[in-house]
1. Among all the lysines, which ones have a C-alpha under 20 Å from Lys87's C-alpha, if same-chain residues fewer than 8 places away are not counted?
2. What is the Cα centroid distance between region 153-182 and region 240-302, reported in whole angstrom?
3. Obtain the nm distance between the two label points defined at Gln435 and Gln50 by a simple spin-label model: each point lies 7 Å from its Cα along the Cα-to-C-beta direction.
4. Return the long-range amide H neighbours of Ser206 (sequence gap of 5 or more, or a different chain), with a cut-off of under 5 Å between placed amide H atoms.
5. Along the Cα-to-Cβ line of Ala137, 7 Å from the Cα, sits a label point; which residues in region 189-208 have backbone N less than 13 Å from it?
6. Compute the semi-axes of the equivalent ellipsoid of region 37-183, taking the square root of 5 times each eigenvalue of the Cα gyration tensor, and list them largest first in whole Å.
7. Please find the FRET efficiency linking Asp245 to Ser391, where r is the Cβ-Cβ separation and R0 is fixed at 35 Å, and quote it to the nearest 0.05.
8. So, by mean Cβ neighbours within 10 angstrom, what's the order for 80-92, 189-201, 99-111 with the highest one leading?
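Read-outs throughout are calculated quantities, based only on the coordinates presented, and are distinct from any laboratory measurement. Please read all numbers here as calculations on a predicted model, not as lab measurements. Positions of Cβ are backbone-derived with ideal geometry, glycine not excepted, and every protein chain shown enters the neighbour counts.
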Amino acid sequence: MNRMKKTAAGLLALCLSAAAMPVPAAVHAEGQEYLPLNRNRTDKVYSDSQNTAYASCNDVYYDAWNGAVGSWLAYDLSDLPQENRQKINVAWYSGAWNNYDYTVRKEAAGASLSDYKIYVNAAKGGACPEDGWKEVASVTGCTTHSGENVLDFSGYNWVKLEVLGVQNGGTSVNLNVDIHDCSDGLVDSWLFLGDSITAGGMVTFSAGDGNFADLLHQLDPAYYPAQENGGIGGIFSTDGKNNIDRWLSSFPGEYVSIAYGTNDCWGNQTGAEKYYENTVYMIKAVQAAGKQAVLPKIPFSTEPGITANIADYNAQIDRIYEEFPTVIKGPDFYAFYEQYPEGLSADGVHPNSEGYNEMRKLWAQKMYETVYRNRSAVPVKILGDVNQDGSVNISDAVMLSRYLCADTDMLPAWRNADMDENGRLNAADLTLLKQQLLNVYHILPIEQPVSRE
């Protein structure tokens with residue numbers, strides 16, 4: 001087994017029926033080990049700054065490639081099986097790991113990518129090609145410390161990232177890059193949104209027994225997801241609500257954890273009802289983007305300003321679990337730290353290093369049990385089977401029509417309703433479903449609704 005990368009570290013409303021398990025990320029053959037496609041391929045990476053290029057893809061995150069504006073990294077994937085690289089996710093992590101998005105609290109920018117391009121090349125492997133590069137992604141104005149880009153890679157052998165700008169206006173940047181196979185259509189990636197507790201715990205760099213991906217890989221070698229630490233110290237659920245649509249627009253992954261609440265209930269600054277409204281907004285935004293929302297409990301604290309209010313806030317989370325049955329239940333950090341108070345630091349709010357280590361373990365264990373282990377519980381995808389009864393008929397068209405008209409929020413199988421498989425639900429999907437039914441059953445048309453896109 002390869003050594004893992006060590007750690008210093010609305011629209012698509014209901015994805016599955018309440019009784020079904022969430023769709024897992026990429027499924028690999030039983031017993032097969034999965035790691036990023038470029039992991040430890042230090043002899044297959046090229047750069048104009050070659051002396052540290054190996055550090056962008058080796059098995060540690062605490063070192064990195066040292067680049068500058070105008071520099072580039074290129075990876076030769078030509079010797080890997082074609083079926084494992086039809087579609088890839090290029091995930092990058094900068095050394096400025098702490099607060100996810102410096103603009104939220106108007107902080108000083110870090111040395112992270114602000115502008116970059118990604119290219120692919122069909123040249124044969126062995127020597128980095130000088131020409132033949134095709135631009136497939138161009139990002140400007142990035143304000144986060146990490147990012148991902150999903151690319152169609154069929155027919156290509158090389159991928160290259162070029163640095164065009166740095167957030168702090170400087171010239172240098174440090175990067176780790178993971179290239180993931182997502183040829184099966186699912187992007188196995190997690191965005192952990194939250195406050196300083198998330199920022200301190202869900203790190204990608206080396207710390208304790210591993211980051212979330214390391215620990216999940218230890219539980220099942222068939223998985224090693226991409227992960228972004230979306231924690232920002234000192235923010236509230238209101239900040240999450242105000243920024244989540246922007247964050248989701250650039251996040252291509254499947255899972256989004258929403259872990260606000262500690263600052264909200266600290267002195268009851270937000271109010272439990274407002275916290276509920278903000279969190280529901282974020283859950284609907286995640287689901288409307290075709291992703292799965294994950295909601296953990298607010299952690300236990302010994303700080304009196306939190307203990308006086310936290311029960312009311314966690315009660316809102318229970319309310320959300322009932323009202324949104326397809327929301328994935330995250331770890332119960334209240335129960336965990338109540339039983340494990342020695343995992344908290346002296347302020348009684350933030351975990352200490354051991355407490356953060358256990359937090360990551362609990363995340364990995366809970367998500368493995370809930371998302372990854374129960375692959376057999378995932379329903380077979382049947383395009384058009386909107387109500388997930390195993391067949392495609394007029395009732396599916398009626399349900400999709402009612403959903404698009406906002407007559408109902410019930411949509412048991414949104415993936416089946418996405419007839420053009422573009423990650424959005426709108427009138428075009430209903431048109432395709434109607435055409436399918438007309439061809440098979442010769443039924444009468446259904447009145448076209450207004451799009452909910």
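1. Lys44, Lys117, Lys124, Lys134, Lys160, Lys291, Lys381
2. With region 153-182 and region 240-302 each reduced to a Cα centre, they are spaced 29 Å.
3. Reported label-point gap for Gln435 and Gln50 is 5.2 nm.
4. Ala8, Ala9, Tyr61, Tyr62
5. 189
6. Details: eigenvalues 128, 46, 40 Å².
Ellipsoid semi-axes (Å, largest first): 25, 15, 14.
7. Numbers: r = 36 Å, r/R0 = 1.02.
Working from the Cβ atoms, E equals 0.45.
8. Values: 80-92: 19.2, 189-201: 25.2, 99-111: 16.5.
So the order, starting with the most tightly packed, is 189-201, 80-92, 99-111.
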